[in-house]
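Here is the structure we will look at, set down as structure tokens.
The values are calculated or read from the model by the stated rules, or taken from the named source; none is laboratory data. Bear in mind the structure is a predicted one, so any value in this text is a computation, not a measurement. Cβ placement follows ideal geometry from the backbone for every residue including glycine, while neighbour counts extend to all protein chains displayed. Side chains included, ligands, DNA and RNA excluded: accessible areas come from the protein's heavy atoms. Shrake-Rupley method; radii C 1.70, N 1.55, O 1.52, S 1.80 Å.
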Amino acid sequence: MQPIHFEQQPYLDGFVYVYLPADAVPVETHWPGLYQDWPDHDHTPFTEFAINNSEQEEMAVYFGLAWHLTQGLTRYAIPLRHRDDAARAIGGQPELVDWEYVVDSEIPAVGERVVGFSRSQVADRDQRLSAGLFEVHVFRDLVLLQQALSDTSSAINLFAVRPGVGRKRRLLHTLRSPSPPRLTDVLDTGEVLIDVTIGMDLGTWSSLTVASLSGLRERLDELSSAFEGRVTEYENKVPAIGDVTGFLSAMRELAALD
């Protein structure tokens, strides 16, 4: 397997770390069943983990890392460019906001990918440009949002902030400000913003971008090492996975949901 490494970006607002695997995706040994039909299954790799024969087991690693990095905080997500499709998928309406955190999926250089806060380009029914901020209660909510994002690439901003109505209200106020916010406006100490970008077509690249107001090197290294161990365990058991049910169980272990 390839090491999972987050590279710190020194010239950005706050502490920003990027994991850009490029062609060295974290899982190299794939279950052959991803290339076969999944008959008579209500629960499939796609329904449960947004995995198919193109976006493969690495999806469980990316979203598993994002989930564990935001543990203990209240999560809100902005699915970029597909607000209305995401609302239908998750079964709920978002709060409308003006700003989203953009990472350029077409740039393969770690130090050049992060654009930062940019105004949303999605129009609502009144032709006002607005992104949608969704509440994320369980891991499956992230999967449902990801399933709704069909394009050359997809991106989800995951804001993990302290619980409370007042904190949500303040986050909304910041994301509706007339000027582009900074991380110091959006986050408090101990909170995290994660962008999960998935490159789906040739010429686009997946990445995890983690932003905070304090250093996360020790935490990122610890989690990366733990997930590397899970990848090794998964690759060793691939020959013994006989069906979709066994694969989904293995994905829960890979994403550290077990």
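A few comments on the model shown:
- Contact annotation: residue pairs with Cβ atoms under 9 Å, 6 or more positions apart or on different chains, pairing a residue in segment 14-35 that is within 30 Å of Thr184 (Cα to Cα) and of a type in the set (Ser, Thr, Tyr) with a partner that is part of a helix (DSSP H, G or I) and open to solvent by 10 Å² or more (accessible area, probe 1.4 Å), are Tyr17/Arg217; Tyr19/Val110.
- Scanning segment 232-258 for residues that are among the aliphatic types (A, V, I, L, M) and touching a helix residue (DSSP H, G or I) at 6+ places or on another chain (Cβ under 7 Å) turns up Ile241, Val244, Leu248, Ala250, Met251, Leu254, Ala255, Ala256, Leu257.
- Within segment 122-142, the set of residues being at pLDDT below 95 and either surrounded by fewer than 23 Cβ atoms within 10 Å (Cβ to Cβ) or hydroxyl-bearing (Ser, Thr, Tyr) (or both) comprises Val122, Ala123, Asp124, Arg125, Asp126, Gln127, Arg128, Leu129, Ser130.
- Residue in segment 216-237 that is open to solvent by less than 50 Å² (accessible area, probe 1.4 Å), in contact with a Gly (Cβ under 8 Å, 6 or more places away or on another chain) and under 19 Å from Leu34 (Cα atoms) present: no
- Residue ID - nearest to Phe134 (Cα to Cα), chosen from residues in segment 175-188 that are in a helix (DSSP H, G or I) and open to solvent by 20 Å² or more (accessible area, probe 1.4 Å): Asp185
- For segment 190-213, the criterion of a residue being among the charged types (D, E, K, R), at pLDDT 95 or above and more than 18 Å from Glu55 (Cα to Cα) is satisfied by at least one position.
- When segment 226-244 is filtered for residues that are over 19 Å from the mean Cα position of the chain (by Cα) and either touching a residue at least 60 places away in the same chain (Cβ under 8 Å) or outside any helix (DSSP H, G or I) (or both), the ones remaining, listed by number, are Thr232, Tyr234, Glu235, Val238, Ile241, Gly242, Asp243, Val244.
- Number of residues in segment 28-52 that are open to solvent by 10 Å² or more (accessible area, probe 1.4 Å), over 15 Å from Gly64 (Cα atoms) and in a helix (DSSP H, G or I) equals 4.
- One residue alone among Asp98, Asp13, Asp104, Asp23 is within 16 Å of Met200 (Cα to Cα) and either in contact with a Lys or Arg (Cβ under 8 Å, 6 or more places away or on another chain) or modelled with pLDDT of 95 or more (or both), and that residue is Asp104.
- Of all residue pairs spaced 6 or more apart or on separate chains, those with beta-carbon atoms under 8 Å, a first member in segment 47-62 that is free of Cβ contacts under 8 Å to residues at least 60 places away in the same chain and a second member that is assigned to a loop (DSSP other than H, G, I, E, B) and open to solvent by 20 Å² or more (accessible area, probe 1.4 Å) are Gln56/Val25; Gln56/His30.
- Restricting Val165, Val110, Val161 to residues that are surrounded by 16 or more Cβ atoms within 10 Å (Cβ to Cβ) and either aromatic (Phe, Trp, Tyr) or farther than 25 Å from Leu257 by Cα (or both) narrows the list to Val110.
- Qualifying residue in segment 91-99 (condition: in contact with a Pro (Cβ under 9 Å, 6 or more places away or on another chain), within 27 Å of Arg252 (Cβ to Cβ) and either open to solvent by less than 20 Å² (accessible area, probe 1.4 Å) or in a helix (DSSP H, G or I) (or both)): no
- The requirement of being more than 23 Å from Arg182 (Cα to Cα), in a helix (DSSP H, G or I) and among the hydrophobic types (A, V, I, L, M, F, W, C) is fulfilled nowhere in segment 5-27; no residue meets it.
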